[in-house]
Amino acid sequence: MDVLGSLLDGFAVALTFENLLLALIGCFLGTVMGALPGLGPSNGVAILIPLAFTMGLGATPAMILLTSVYYGAMYGGRISSILLNIPGDEPALMTTLDGYPMAQQGRAGEALALSGIASFFGAFFATWGLVFLAPLLVKVALLFGPAEYFALFTLAFATLGGIASRNQAKAAFAAALGIGIAMIGVDGQTGVPRFTFGEVHLYDGIDFLVAIVGLFALSEVFIFLEHRASGAHKGADQVKIGKIIPSWSLIKYCTPTMIRTTILGFVAGVLPGAGASLGSFISYSVEKRLVDRKGTFGTGDPRGVAAPEAGNNAAAGGALVPMLALGVPGSGTTAVLLAVLLALNITPGPLLFTQNPDVVWGLIAALFIGNFMLLLMNIPMVSLFVRVLMVPPRYLMPIVAMVSFVGIYGISGSSFDLLVMVGFGVLGWVLRKLDVPLVPVILGVLLGAAMEKNLRRALTISDGDWSTLVASPLSITLWVIAIVGFILPIVIGPMIRRRMAIRRKDEEGATVD
């Protein structure tokens with residue numbers, strides 16, 4: 001089969017010493033980043049972008065390093081969730097419901113190992129889904145013209161606020177802000193400077209890597225400076241790990257749960273804007289309804305750990321499908337990875353599989369390798385990752401700031417870019433204070449120029465007739481999905497968040513009792 005032949009070629013690329021070493025480093029650093037509460041995969045990848053570029057890596061090695069960080073952070077998010085009842089990131093929220101009670105029962109090691117196995121299961125089969133679904137989606141993408149691409153980009157903006165967003169209006173504002181930032185620079189069609197205010201350095205526009213590192217990494221430093229978090233996360237050294245390797249009967253008991261939630265999570269990941277948060281929530285909720293006959297979910301049921309972990313890691317793999325095949329990110333972290341590809345002069349989309357097969361298939365092969373590395377690394381090194389939770393933020397945050405400044409200066413050699421990065425760091429801090437999501441801003445910066453270009457092309461071809469935007473069945477379908485995707489979270493989002501809050505309170509009440 002052609003796909004399997006391409007995958008074998010990808011393994012030939014991935015199985016070099018350099019790429020294997022980078023995958024190992026990425027998995028380790030990603031797990032550490034994911035374990036630290038508040039960082040998560042988006043911040044983890046953003047922080048390490050400067051490192052990847054200053055190392056002078058080519059396109060394939062750089063993407064292998066950063067996607068390994070992505071997968072590692074998805075694994076690592078469960079550590080603080082289970083041990084401290086503090087989600088490492090949003091998708092890990094559901095893991096706290098049964099993971100923390102298991103830790104309190106002296107089964108922390110068992111819960112961590114089971115979550116690692118469930119994460120491997122979800123990510124492994126999601127990567128197979130990526131292998132077969134992405135090339136099929138590429139064939140569909142060849143039907144896209146400028147009007148269809150404009151509708152697709154609109155769909156991405158309409159849905160990326162997602163069900164987890166508390167306010168769709170804020171998500172829409174963030175997207176508009178990102179598109180506005182993308183307009184800065186010389187207009188490629190008319191040659192007229194826009195929003196440059198006479199500053200020559202802005203004629204080339206805003207470098208999206210500068211924007212990403214500022215918004216994610218530096219804003220985290222500013223948040224720390226504001227709160228002045230002192231010592232380590234208290235309690236990490238007091239948790240008893242207990243038995244690390246779960247029994248075969250326990251794994252067998254949780255296997256049907258992992259199969260069902262892997263499918264649910266993958267579907268949630270493929271949908272633009274849904275991502276791992278929705279995959280985790282749907283997986284836990286559906287599994288609870290299907291199998292929780294005795295009301296054990298929320299009290300330390302192992303299936304309650306396996307379900308969200310398999311779901312959110314499957315969603316992480318699913319989110320790569322629209323990013324690679326269509327050039328539209330399926331989650332916040334894939335939006336950051338999209339920026340890396342663009343910075344490497346590689347355009348994700350239908351032509352990626354023919355113009356850069358070594359990059360895409362080498363990356364997919366590296367995901368398989370990285371999954372096995374994470375499984376082998378996470379179980380024996382549990383005690384090491386627990387110690388990561390005891391690192392005081394006052395030591396961690398200066399390292400984040402140093403990597404950001406040195407890395408960006410190494411990429412551009414421009415002190416002006418450092419000032420712009422600091423400006424984006426302040427902007428990210430303000431937006432986070434106002435509870436405005438950062439991902440739509442990044443998406444606007446990334447896709448704004450392409451969105452404008454396709455709109456102009458569509459109108460030029462149709463001689464200014466705006467009806468061309470809804471002239472084909474494909475574009476009409478995309479517009480309908482975009483409208484539904486924007487309105488649906490407004491209707492059902494509060495209900496889902498309310499259920500999440502109720503479950504969290506019930507779990508905390510049970511813990512106190």
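The values are calculated or read from the model by the stated rules, or taken from the named source; none is laboratory data. For clarity, every value in this text was computed on a predicted model and none was experimentally measured. Positions of Cβ are generated from backbone atoms using ideal geometry, with glycine treated the same way; all protein chains shown enter the neighbour counts.
Return only the number of the condition from (1) surrounded by 22 or more Cβ atoms within 10 Å (Cβ to Cβ); (2) more than 21 Å from Gly317 (Cβ to Cβ); (3) at pLDDT 80 or above; (4) of a type in the set (A, V, I, L, M, F, W, C) that Met63 does not satisfy.
Going through the list (1) surrounded by 22 or more Cβ atoms within 10 Å (Cβ to Cβ); (2) more than 21 Å from Gly317 (Cβ to Cβ); (3) at pLDDT 80 or above; (4) of a type in the set (A, V, I, L, M, F, W, C), Met63 breaks only (2).
Within region 460-471, take every residue that is in contact with a Ser or Thr (Cβ under 9 Å, 6 or more places away or on another chain) and under 16 Å from Leu152 (Cα atoms) and give me the one that is surrounded by the fewest Cβ atoms within 10 Å (Cβ to Cβ). Spell out the reasoning first.
Let us first name the residues in region 460-471 that are in contact with a Ser or Thr (Cβ under 9 Å, 6 or more places away or on another chain), namely 461-462, 468-469, 471.
Filter once more, so that each one left must be under 16 Å from Leu152 (Cα atoms): 468-469, 471.
On the way: Thr468: 19, Leu469: 21, Ala471: 16.
The extreme case among them is Ala471.
Does region 4-26 include one or more residues that are under 21 Å from Met74 (Cβ atoms) and within 17 Å of the chain's Cα centre (by Cα)?
Among the residues of region 4-26, at least one is under 21 Å from Met74 (Cβ atoms) and within 17 Å of the chain's Cα centre (by Cα), which makes the answer yes.
So, in region 7-60, how many residues would count as being in a loop (DSSP other than H, G, I, E, B), in contact with a helix residue (DSSP H, G or I) (Cβ under 8 Å, 6 or more places away or on another chain) and not hydrophobic (A, V, I, L, M, F, W, C)?
The number of residues fulfilling the criteria is 2.
Within region 344-352, is there a residue that is in a helix (DSSP H, G or I) and more than 19 Å from the chain's Cα centre (by Cα)? Explain how you work it out, then say what you get.
Taking region 344-352 first, the residues in a helix (DSSP H, G or I) are 352.
So of that shortlist, the ones also more than 19 Å from the chain's Cα centre (by Cα) come out as 352.
Within region 344-352, one or more residues are in a helix (DSSP H, G or I) and more than 19 Å from the chain's Cα centre (by Cα).
Given the condition at pLDDT 85 or above and among the hydroxyl-bearing types (Ser, Thr, Tyr), answer yes or no: does some residue in region 5-20 qualify?
yes
Give, as residue ranges, the helices (runs of 4 or more DSSP H) completely inside region 84-196 that count at least 2 residues that are modelled with pLDDT under 85, crowded, with 19+ Cβ neighbours inside 10 Å and basic (Lys, Arg). Before the answer, list the steps.
Values: elements: 96-104, 108-141, 146-159, 168-182.
So the answer is none; nothing clears 2.
Given region 358-473, what helices (runs of 4 or more DSSP H) lie entirely inside it while holding 1 or more residues that are at pLDDT 85 or above and of a type in the set (Val, Ile, Thr)? Reasoning before the result, please.
Numbers: elements: 382-388, 393-412, 415-433, 439-461.
Qualifying helices (runs of 4 or more DSSP H): 415-433, 439-461.
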